[in-house]
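Taken together, the values in this text are just the output of simple stated rules run on the coordinates, not laboratory data. As the structure is a computational prediction, the values presented were derived from the model and not from experiment. Positions of Cβ are backbone-derived with ideal geometry, glycine not excepted, and every protein chain shown enters the neighbour counts.
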Amino acid sequence: MQDSAPFVVAVVGGGPAGLLAAQRLAEAGCQVDLYEAQATVGRKFLVAGHGGFNLSNAEDAAPFAARYAARQPEFTRYLAHFSPTDLRTWAADLGIVTFVGTSGRIFPLPEHKPTHLLRAWLERLRELNVTIHTRQRWLGFAPENGLRFRHETTGQELTVRPQATLLALGGASWAKTGSDGRWQPELERAGVPVVPFAPSNCGAEVAWSAFFRAKVGRQPLKNVALSCAGVSVRGEVLLTDYGLEGTPVYALTPQLRAALATGGPARLHLHLKPDLPPAQLLEKLRRRRAGKSWASFLGEALRLPPPVPTLLRELGPSVFPADAAAVAELLSHLPIPVRGLRPLDEAISTAGGVAWDAVDEHLMLRARPGTFVAGEMLDWEAPTGGYLLQGCLSTGAWAARGILRMSELANE
Ligand SMILES: Cc1cc2nc3c(=O)[nH]c(=O)nc-3n(C[C@H](O)[C@H](O)[C@H](O)COP(=O)(O)OP(=O)(O)OC[C@H]3O[C@@H](n4cnc5c(N)ncnc54)[C@H](O)[C@@H]3O)c2cc1C
């Protein structure tokens, strides 16, 4: 990069955003030290790998960026700079082959485990001379661009003075992975506005009756649609003893959160037969013979076996309607009152974080020139389906770009 001494950068936080930024900076010739509070890096990344590990999504650029809702303009830039295609090339360069699933989600081949990816990534960072300092908790800033750390085991304190800093400290869910949000007061003390954390992509709580909880327990409802505030999402919903889980519920957390913020319960609507046109649904329901119970008719004619009849009794009118049109309405708009969201620590991701007006177009903190932020610690949210990791990696790459620009200016 330059003939003189390398530009010295501290990356704080060893999640995907920090690791990718460290790689990009080291590849460009910077001297990179990465500080991580836990004994190992990438813990939440490995947790993400326990389920269906989707790294990104093959959706077109415009609808992809729209997944970041109000932050669409910013993410259009970040995704153009480090796109899903770039992500696949990057993974391939680490020896991890990816494929596009039928849903459009991008996965590593089943034999290419998240641990393999992380191991290859860390080996690459080692080759690039990135020094990883584990068990070093960032405590806050010190004068003259200083960063204060405390060793989590020995308690020894350390102050470093890099030429630039990237904070990639993650959100505030799954605290056991290290993403505990404890950085919030430190940034606020430094004059950085932080939007309060809230759960995103999490389950919803429903006050089921004791009878329902005992009878239904935990059961899936396949091929259904859930809607809230005019947004409808298809997929599988899991009934649990405390409420609902599943992709459609997660995707509707922004709408549920907004409805709950008004003080009352929020309402989801469940469509149990979203593939059946309304006229066909009605026609099928009209074929029920007198005397045939609704429970067995729904199971046989509409393939709506238990627990659907119990669910209809739980959420529908106290007297089950006899009229086919009223039953059709119930099957396609079953109201579910949601009394709250599951706790933040259980959530797949975090809404809230460093406010957008706290950063400039390079993701540098306005209150602290030379300090950049990336990943989930910024105030954005997106649904599951690969948009979270892609968002973290793209913001990491974008912040690294900003730091490299700063190093070039310092060299002029
Ligand atoms: C169950 C689950 C499943 C998921 N599945 C997927 C999926 O399939 N696809 C997808 O796209 N996303 C998925 N995600 C989300 C994804 O894992 C996160 O969005 C991503 O890891 C966030 O990356 P990050 O680098 O911003 O932060 P993190 O990965 O949270 O990393 C932040 C790091 O900073 C460290 N740190 C925090 N504070 C300090 C401090 N004061 N000093 C030093 N270090 C500190 C932490 O220990 C941590 O290592 C899943 C998440 C969960 C919980």
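From the phi of every residue in region 193-201, what ³J(HN,Hα) in whole Hz does the Karplus formula 6.51 cos²θ - 1.76 cosθ + 1.60 yield, where θ is phi - 60° and glycine or proline is x?
For region 193-201, the Karplus-derived couplings read x, 10, 6, x, 5, 8, x, 10, 6 Hz, x marking Gly and Pro.
Tell me the mean residue ellipticity at 222 nm calculated for the chain from its helices only (DSSP H runs of n ≥ 4, each -39500 (n - 2.57), averaged over every residue, nearest 500).
Working: 15 runs with 145 residues, N = 412.
When only DSSP H runs of four or more count, the value is -10000 deg cm²/dmol.
Around residue 183, which amide H atoms from residues at least 5 apart in sequence, or from another chain, sit under 5 Å from its own amide H, with H modelled in the peptide plane?
When sequence neighbours closer than 5 places are left aside, there are no close amide H contacts.
Can you compute the charge dipole magnitude of region 204-341 about its Cα centre, using +1 on each Lys and Arg Cβ and -1 on each Asp and Glu Cβ, nothing else charged? Give it in debye, rounded to the nearest 20.
On the way: 17 positive and 10 negative charges, 68 e Å.
It works out to roughly 320 debye.
Collect residues whose amide H, placed 1.01 Å from N in the peptide plane, falls under 5 Å from the amide H of residue 57; neighbours closer than 5 in sequence don't count.
Amide H neighbours of residue 57: 106.
Can you check what the Kirkwood hydrodynamic radius comes to for region 331-412, Cα pairs only, in Å to one decimal?
Details: mean 1/r = 0.0661 Å⁻¹.
For region 331-412, inverting the mean 1/r across all distinct Cα pairs yields 15.1 Å.
Percent antiparallel among DSSP beta bridges with both residues in the chain, to the nearest 5? Provide the component values of the computation, followed by the final result.
Working: 44 of 60 bridges.
So the antiparallel bridges in the chain amount to around 75 percent.
Please list, by residue number, everything in region 303-334 whose backbone N is under 12 Å from a paramagnetic label point 7 Å out along Cα→Cβ of residue 223.
Zone members listed by number: 303-305.
With only Lys, Arg, Asp and Glu charged, each at its Cβ (+1 for the first two, -1 for the last two), find how big the charge dipole of the chain is about the Cα centre; round to the nearest 20 debye.
Value, rounded to 20: 1620 debye.
Taking the number of other C-beta atoms within 10 Å as the exposure measure, put 88, 313 in order starting with the fewest.
On the way: 88 20, 313 17.
Taking fewest neighbouring Cβ atoms as first place, the list is 313, 88.
With each label point set 7 Å from Cα along the Cα-Cβ vector, what nm distance links residue 4 and residue 92?
3.9
Could you give the length gained by full extension between residue 361 and residue 215, i.e. 0.36 nm per residue of separation minus their alpha carbon distance, to one decimal place? Walk me through the numbers before you get to the answer.
Values: separation 146, 0.36 × 146 = 52.56 nm, distance 5.39 nm.
Full extension of this stretch gives 47.2 nm more.
Which FRET efficiency value, to the nearest 0.05, is calculated for residue 242 and residue 129 with the Förster distance at 51 angstrom and r the Cβ-Cβ distance?
For R0 = 51 Å, the calculated efficiency reads 0.55.
In whole angstrom, and with the biggest value first, how far do the Cα coordinates of the chain range along each principal axis?
89, 41, 37
Which whole-number value in Å³ per residue fits the convex hull of the alpha carbons of region 30-180?
On the way: hull volume 22.6 nm³, N = 151.
Here the figure is 149 Å³ per residue.
Take every Cα-Cα distance within region 204-341, group them into 5 Å bins from 0 onward, and report for each bin the whole-number percent of pairs it holds.
Answer for region 204-341: a P(r) of 2, 10, 20, 24, 20, 14, 8, 2, 1, 0 percent.
Hey, which of these cross-link pairs are over 27 Å Cα-Cα: 113/273; 222/292; 113/215; 222/284; 113/176?
Values: 113/273 36 Å; 222/292 25 Å; 113/215 38 Å; 222/284 20 Å; 113/176 21 Å.
As for pairs spanning more than 27 Å Cα to Cα, those are 113/273; 113/215.
What distance in nm separates the simple spin-label points at residue 188 and residue 60, each placed 7 Å from Cα in the Cβ direction?
Reported label-point gap for residue 188 and residue 60 is 4.3 nm.
Using a Förster distance of 22 Å, how high is the FRET efficiency between residue 269 and residue 293, based on the Cβ-Cβ distance and rounded to 0.05? It would help to have the intermediate numbers written out before the result.
Values: r = 25 Å, r/R0 = 1.15.
Using R0 = 22 Å, I get an efficiency of 0.30.
Check which residues have an amide H placed less than 5 Å from residue 351's amide H, if you skip close sequence neighbours.
Under 5 Å from the amide H of residue 351 lie the amide H atoms of 198, 200, each far enough along the sequence or on another chain.
Which whole-Hz couplings ³J(HN,Hα) result when phi for each residue of region 126-134 is put into the Karplus expression 6.51 cos²θ - 1.76 cosθ + 1.60, θ = phi - 60°, listed in order with x for Gly and Pro?
Rounded to whole hertz, the list is 5, 4, 8, 6, 6, 9, 9, 9, 8.
With θ set to phi - 60° and the Karplus curve 6.51 cos²θ - 1.76 cosθ + 1.60, what are the ³J(HN,Hα) couplings of region 264-281 in order, to the nearest whole Hz, using x for Gly and Pro?
Here the 3J(HN,Hα) series is x, x, 9, 10, 9, 10, 9, 10, 7, 9, x, 7, 9, x, x, 5, 5, 4 Hz.
Test of understanding: what is the full-extension gain from residue 280 to residue 322, defined as 0.36 nm times their sequence separation minus their Cα-Cα distance? Write down the numbers at each step before the final one.
Numbers: separation 42, 0.36 × 42 = 15.12 nm, distance 1.80 nm.
Working it through step by step, the gained length comes to 13.3 nm.
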